[in-house]
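A.B. asks: Please see the structure below; I have some questions.
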Amino acid sequence: MRMTKVLGAVIIAIALFVSGQALAAEQKIGYANLQRALNECDAGMKAKDDLKNEAEKLESELNKEQESLKKLKDELDTKGAVWNKETRDSKEKEFRARSADFQKKFMEYGEELNKRKQDTEAKIIDELRGIVEELAKKKGMTFVFERSVGGILYAPKDLDLTDEVIKIHNGRKGKK
């Protein structure tokens, strides 16, 4: 009786091992580099250009304000000694208020640009993930890994879906 149980267990183990190998042989694996796809797809490049233009516009605005503050500071330094106390105090108060406003704007602009960048990239990455999922299903892939996060040290180029993902994404954006 005990020998029958051991033999039965061995047969089950062999059956599981053989079926596991057959299952593993049927699995198809691929990978995509979503960071590269984001940087190289038309929507990603346009978003980067749009953000760069917006940053330059905001930087120009801040530079004008900074130049105006510099002039006010120079005026305080050169004429402050000859002004009466009331005028000097008023100009110093104006300078402090405008300096604080400048710093606040600088921080807000940076945060605004960063949030816009994150939101735009997240939207495009979601679209790219959807395309990866569609491609994987179409090609009968069991797993698709993300290359840019560092989990893949080596994989054959023919398993890389990135170029197809970019091409499909660009095609879809051109039709909208």
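A.B. asks: Taking a cut-off of 14 Å between Cα atoms, list the aspartates and glutamates near Lys73, but don't count ones fewer than 8 places away on the same chain.
C.D. replies: Glu65, Asp89, Glu92, Glu94
A.B. asks: Can you put Met141, Met107, Met45 in order of Cβ neighbours within 10 angstrom, beginning with the fewest?
C.D. replies: Met107, Met45, Met141
A.B. asks: Something else now. On a straight-distance basis, which aspartates and glutamates could pair with Lys52 in a cross-link, Cα separation under 17 angstrom, same-chain partners fewer than 8 positions away excluded?
C.D. replies: Filter leaves Glu40, Asp42, Glu61, Glu108, Glu111, Glu112, Asp119, Glu121.
A.B. asks: Going by C-beta contacts inside 10 Å, put Thr78, Thr162 in order with the fewest on the left.
C.D. replies: The fewest-first ordering by Cβ neighbours comes to Thr78, Thr162.
A.B. asks: What's the FRET efficiency of Glu59 with Lys123 using the Cβ-Cβ distance as r and R₀ = 25 Å, to the nearest 0.05?
C.D. replies: 0.50
A.B. asks: Also, I was wondering about something else. Considering only Cα-Cα distances, which of the following residue pairs are longer than 32 Å: Lys115/Lys167; Lys57/Lys85; Lys48/Lys104?
C.D. replies: Lys57/Lys85
Every read-out reported here was derived from the displayed coordinates using simple, explicitly stated rules and does not represent laboratory data. No experiment lies behind these values; they were computed from the predicted model shown. No Cβ is skipped: glycine too gets one built from the backbone with ideal geometry, and neighbour counts run over all protein chains shown.
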